[in-house]
Amino acid sequence: MERESSPWRQPIVWLMVALVGAAVIGSVWLLKVAANGDSIDAVPDKVQRTGQTQQTDLGPDAVAAQRKLGAIVRIDDEHGFVEVLPVSGELDRAAPLKLSLHHPTRAEQDVVLELAATDTGWRVDAKPAIDHDWLLQLKPADGEAWRLRGRMPRGQLAAQLRPSVGDDAQP
């Protein structure tokens, strides 16, 4: 007489249980991420949404490209300041600048700094976090005549800012 073996002793049964379990766990995780409320494509600009397209004003970027503006943002983590150094173009060296550091996904962690003019560029006492990426935006403190943008990867202490349009725009 042949002894009947338990179905739980068969590897195919465990494979099916593991696949169903992985699907349930993955679905719960995806629902949690979707319900979190954090936008994955956060954009700091005022955006007009029409149908499936998003439109924003690139006029300040075009002005910066026409004037061939460029700058370097440097975080001095040891001494606790942020510095902007001009690289190209004619920037008004006496006017204060506004540097916006946007967290890629969490708007509540965004930081806006007003930098005062110095002999070498602009500076403000601040110590932003370096444990995540920053989306950078630099413009005059008194308005949006021009705008430079860049990205500072996690752990990096300096980044180049350029216009987002024009020949030397970032890809």
Expressed as an acute angle from 0 to 90° and rounded to the nearest 10, what is the orientation of the C-alpha long axis of helix 11-35 relative to the principal long axis of the chain? 30
Of all stretches in the chain that avoid trypsin sites (Lys or Arg not before Pro) placed in a DSSP loop and having at most 11 other Cβ atoms within 10 Å, the longest is 47-153
Fully extended, how many nm does the chain gain between Ala95 and Arg151 (0.36 nm per residue separation, minus their Cα-Cα distance)? 17.8 nm
Phi-based couplings in Hz for the stretch 78-85 (Karplus 6.51, -1.76, 1.60; Gly and Pro marked x): 5, 9, x, 9, 10, 10, 10, 10
Taking θ = phi - 60°, what integer Hz values does the Karplus form 6.51 cos²θ - 1.76 cosθ + 1.60 yield along the stretch 148-157, in sequence order, with x for Gly and Pro? 10, 9, x, 9, 10, x, 3, x, 7, 10
In nm, the gap between the two label points placed 7 Å beyond Cα toward Cβ at Ser27 and Ala158 is 5.2
Classify the stretch 62-114: rounded, prolate or oblate, from the alpha-carbon gyration tensor (a ≥ b ≥ c, eigenvalue square roots; a/c under 1.5 rounded; otherwise prolate if a/b is larger than b/c)? oblate
Given the Cα-Cα distance of Ala141 and Thr118 and 0.36 nm per residue of separation, how much length would full extension add, in nm? 6.8 nm
Inter-probe distance in nm under a simple model that places probes 7 Å from Cα toward Cβ, at Val17 and Lys127: 5.2
With a cut-off of at most 14 other beta carbons within 10 Å, and DSSP calling the residue loop, which GluC sites (Glu not before Pro) in the stretch 88-148 qualify? Please list them. Glu90, Glu144
Taking every alpha carbon pair in the chain and sorting the distances into 5 angstrom bins from 0 up to the bin holding the longest one, the percent per bin comes out as 1, 7, 13, 16, 15, 11, 7, 5, 5, 4, 4, 3, 3, 2, 2, 1, 1, 0, 0, 0
Estimated 222 nm signal from helices in the chain, with DSSP H stretches of n ≥ 4 weighted -39500 (n - 2.57), rounded to 500: -6500 deg cm²/dmol
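Throughout, read-outs are computed from the coordinates displayed, never taken from laboratory work. None of these values were measured; they are calculated from a predicted model. Cβ coordinates were reconstructed from backbone atoms using ideal geometry, including for glycine residues, and neighbour counts include every protein chain displayed.
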